[in-house]
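*Asks:* I am attaching a structure below and will ask some questions about it afterwards.
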There are 2 protein chains.
Amino acid sequence: MIDETARPDGTGARRPTMTDVARAAGVSRALVSLVFRNKPGAGEETRQRVLQAADRLGYRPDTAARMLASHRSRTLGVMLTVHQPFQADLVEAIYPEAERIGYEVLLSATAPSRDEAKAVEALLSHRCEALVLLGPRAEAGQLDELGGRALVTAINAREDATRIDNVRTADEAGVRQAVDHLVDLGHREIVHVDGGDEPGSAERRAAYRKAMDARGLGERARVLPGAHTERAGQDAALRLLDEAELPTAVLASNDRCALGLLRAFALGGVDVPEEISIVGYDDSHVSHLAPVALTTIRQDAEQMAKHAVRLAVERLEDPARTPQEVVLDPKLVSRGSTAPPR
Amino acid sequence: MIDETARPDGTGARRPTMTDVARAAGVSRALVSLVFRNKPGAGEETRQRVLQAADRLGYRPDTAARMLASHRSRTLGVMLTVHQPFQADLVEAIYPEAERIGYEVLLSATAPSRDEAKAVEALLSHRCEALVLLGPRAEAGQLDELGGRALVTAINAREDATRIDNVRTADEAGVRQAVDHLVDLGHREIVHVDGGDEPGSAERRAAYRKAMDARGLGERARVLPGAHTERAGQDAALRLLDEAELPTAVLASNDRCALGLLRAFALGGVDVPEEISIVGYDDSHVSHLAPVALTTIRQDAEQMAKHAVRLAVERLEDPARTPQEVVLDPKLVSRGSTAPPR
DNA sequence: GCACTCGACTAGCGCGCTCTAGTCTCGAAC
DNA sequence: GTTCGAGACTAGAGCGCGCTAGTCGAGTGC
C-alpha cells in the first residue's frame, strides 16, 4: 500500500488528479479534461469554476498520463552537447519556436559519460515525436538507421545521411568567403585547422582546398588535424609555433578552436592580427569574448532553429514527405582577428 | 480511428508494446515486465527469449506508461541556463552520478523567452521526483514556495531559502582567499565587480567588504555593479578605464565577467597582469581560455553535483528529513592573471 | 504418500488521462 | 404538443505499463 504521507515526491500530499478537480468543481472528469485542453463543449461559467477548483488544489495535468492516453506527446526531443556555445544559441532559439506551434521541448545532453546513442534513447523512451539533433557526430549509416525508427531533423549533420532532414550552412560558400577574405587582404600562406571527425569537417576541408585552388594557392593548402575545442586550437598553434616559419593566416574549424589558437599565439608572443590572422566559424556568442574579437563565418542560429522546427513539424503532419535538406548561406563577419599580412 | 500507417511518430508502424513482445516470446506480459525491470522470477532461458524478441521488434519500454503505473519516475529534473559554462560542467557531472543510482535526468533550460517558472513547470509536469536547480535567480520566498510543492535541491541558490536543500561554496572563504592573495601580492586598490542580482552576489559583496576590512583596507573597498556575463565585465572595465587612475586589481563576480574585464583591458592597452590583476570565480572550463589564464576561485563542479544528487535522493528516501545546506570549501587557483602591482 | 516449499509464470486491476458515443435539457420550428 | 437540434455535460473504455495475488509443477522431507 502506498503511504500517502510519505510519497516519493516528498511533498507529503498526494498530487491532485483530474478526479479531485472534477469532484471539487462538481462536474465530471471529462469536462475537466475539456477545459484543460481548451476544447469547446464547456459553458463559460463551468469553465471558470473548474479552473478555480484546479488552481485551489494546485492541480497540474500529468504529462505522462496525457501522453499515454492521447498517443501524442507534442514533444520535440533535442540532443545537444552542453559545452558547445553555438548549440546553446540554437537551444535558445528552438524553445520559442516550438512553443509558438504548441510543442514542448525535451533536452538530452551528450557528455563524456553519455554518448549520442544514450542521449537519443532517453528522448525516444520519453515519446518525443521528433528528434532534433544538434551537430550529431554519428555516421550517416547510424543517422539513417535512426531516421528509419523515428522522425529526425539534424542541424549540421553529415551531408550524406538521406533519411533525415538536415539544416546546415553552405560550408563551401562559407569557407570560400573566409579564404577569399584572407587572400584579398594579401595572405598567401593560409593554414586550415580542421574539425577532425566532427560533422561538417570533411566538407569544410574539401571546401578549403577548393577555395585555395580557385585562388591559385592550391599547392600552398595545408590542413592541420584539429577538433571543435579550444584545446585542439592550442595544440595546432603550438605545432605551428614550433616550425621555422609561421603561416600568415589560419582558418579554424570553429570558434572554440579559433579561441584556442588565439590564446596560444598570444602566449607565444605572436600578435593577432598583426603577425597572424585567424578566422573562426559559427559566430557563436563566444566570438566576441576574445581580447581580439574574432573574424568568423556567421551561421544564423535563429534561422537554423526555425527551419529545424519547421521541418520536424512538417513531417509530423505529413510523414510521407521525403527528408529534405535546407542549406543556409553563411556570412563572413569581419572583426578584429584578421588584417593584411606584414 | 488511428491510421496505423501514418502515425505521429512518422515511422509508419505502430510502436511495439509489451504485449507484442510477450506474444512473440510466447510468455505473459507480466513476465516481460519482470525481465525489463531486471527482477528475479524469470528463468534464464526465458529471459533470453524475451530479450531477443524485444530486440527483434525494436521494443523500448514506454517511459510515460511506466511512470503512470509505478508512481515513480526515477527522474531528476535539472534546471539550467544553457549559456553558463559552469552549469555545463555541473550537468556533465550530474549525469553519471544520477545514472549510478538509477535515476534519469531531464534538462530544462531557461532562456530569454523562457523564465525559471516555466522551466520548472515543465519539469514538474513530467513527474520529476526531485528538482535540481542550477544557480536559480528566484528569490528565497519563491524557492521556499516551490520547496513546499516539490522536493528541491539547488546549487548556489540564495542562502536564505530554508525549505530546499542547497549546495554552495563558502563564498566568504573564497572571496577572502582572493583578497588575501591579492593583498599578499602587494595590492591595495582592489575593486569588486559584483554579480548584480544573481544568487550569491550579495554574499560575495559582503564577504569582499569584510575581507578588505580584515586587511585594513576597508575604506578602499569599492564595488562596481555587474552581472555574470562578459558584457558586464567589459562595461565595468570601460568605466574604470575612464577614470583618472586604475585600481591595481579587480575581483570579478564570476569567470565570464572576468573574461569581459580581461578583454576590455586588453583592448584598452592595459596589460594583465602587469598593470592590473584580475581574479575570477568558478573555475569553469572557460577560465583556461583567455590568452592570460585566469586566477580564479575554484568551485568543484563534480563535488557539487555529487552532493546535490545525494541530497535529492536522500530526501526522496526520507521525505521527513529537513532541508540541508552543504557548504564546500573553495580553493584559489593561481594562474596568470594576477601578479604583484608595479 | 502427503504436506509443504520454492521457483517460474500468469490474470487482471489500476495509474491519470483522452476520446468516442452517448444522455439530457432547452428553445425554436412546425 | 411534438420534433428536432445544438449545446452542455457524462459514462466508460482503453492507452502501456507495474504490481499484487494468485496458479502450476517439480522437488524435499518425513
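*Asks:* Can A:A266 be described as aliphatic (A, V, I, L, M) and at pLDDT 90 or above?
*Replies:* no
*Asks:* When you go through B:D300, B:D255, B:D283 one by one, which is the residue that is touching a Pro at 6+ places or on another chain (Cβ under 9 Å) and on the phi > 0 side of the Ramachandran plot?
*Replies:* B:D283
*Asks:* Scan the range A:166-202 for residues that are among the acidic types (D, E) and either buried (at least 21 other Cβ atoms within 10 Å of the Cβ) or under 21 Å from A:E274 (Cα atoms) (or both) and jot them down.
*Replies:* Across the range A:166-202, the qualifying residues are A:D171, A:D180, A:D184, A:E189, A:D194, A:E198.
*Asks:* Follow-up question, since we're still on this one. If you check A:A206, A:A221, which single one turns out to be over 24 Å from A:L328 (Cβ atoms) and away from chain B (no Cβ under 13 Å)?
*Replies:* The conditions single out A:A221.
*Asks:* Out of curiosity, is B:V105 more than 9 Å from chain A (Cβ to nearest Cβ), out of contact with any Gly (no Cβ under 6 Å at 6 or more places or on another chain) and of a type outside the set (K, R)?
*Replies:* No, not satisfied.
*Asks:* From the list A:R66, A:R15, A:R72, which residue is under 17 Å from A:V105 (Cβ atoms), at pLDDT below 90 and within 14 Å of DNA strand C (Cβ to nearest atom)?
*Replies:* That would be A:R72, the only listed residue that is under 17 Å from A:V105 (Cβ atoms), at pLDDT below 90 and within 14 Å of DNA strand C (Cβ to nearest atom).
*Asks:* Of the conditions (1) crowded, with 21+ Cβ neighbours inside 10 Å; (2) within 7 Å of another protein chain (Cβ to nearest Cβ), A:A54 clears all except one; give me its number.
*Replies:* Condition (2) is where A:A54 drops out.
*Asks:* Return the residues of the range B:36-58 that are of a type in the set (A, V, I, L, M) and part of a helix (DSSP H, G or I); say none if nothing qualifies.
*Replies:* Matches in the range B:36-58: B:V50, B:L51, B:A53, B:A54, B:L57.
*Asks:* A follow-up question, please. Would you point out which residue out of A:A119, A:A98, A:A130, A:A109 is out of contact with any helix residue (DSSP H, G or I) (no Cβ under 9 Å at 6 or more places or on another chain) and buried (at least 18 other Cβ atoms within 10 Å of the Cβ)?
*Replies:* A:A119
*Asks:* Exactly one condition in (1) of a type outside the set (S, T, Y); (2) in contact with a Pro (Cβ under 6 Å, 6 or more places away or on another chain); (3) free of Cβ contacts under 8 Å to residues at least 24 places away in the same chain is false for B:D144; which is it?
*Replies:* For B:D144, the exception is condition (2).
*Asks:* Going through the range A:60-99 one residue at a time, which ones are within 16 Å of DNA strand D (Cβ to nearest atom) and either in contact (Cβ under 8 Å) with a residue 24 or more places away in the chain or within 7 Å of another protein chain (Cβ to nearest Cβ) (or both)?
*Replies:* A:P61, A:D62, A:T63, A:A64, A:A65, A:M67, A:L68, A:H71, A:R72, A:S73, A:R74, A:T75
*Asks:* Another one. Any chance you could count how many residues in the range A:31-49 are within 14 Å of DNA strand C (Cβ to nearest atom) and either under 17 Å from A:D20 (Cβ atoms) or touching a residue at least 24 places away in the same chain (Cβ under 8 Å) (or both)?
*Replies:* Number satisfying all stated conditions: 7.
*Asks:* Quick one: is B:I155 surrounded by 24 or more Cβ atoms within 10 Å (Cβ to Cβ) and more than 23 Å from B:E325 (Cβ to Cβ)?
*Replies:* no
The values are calculated or read from the model by the stated rules, or taken from the named source; none is laboratory data. All values reported here derive from a predicted model rather than from experimental measurement. No Cβ is skipped: glycine too gets one built from the backbone with ideal geometry, and neighbour counts run over all protein chains shown.
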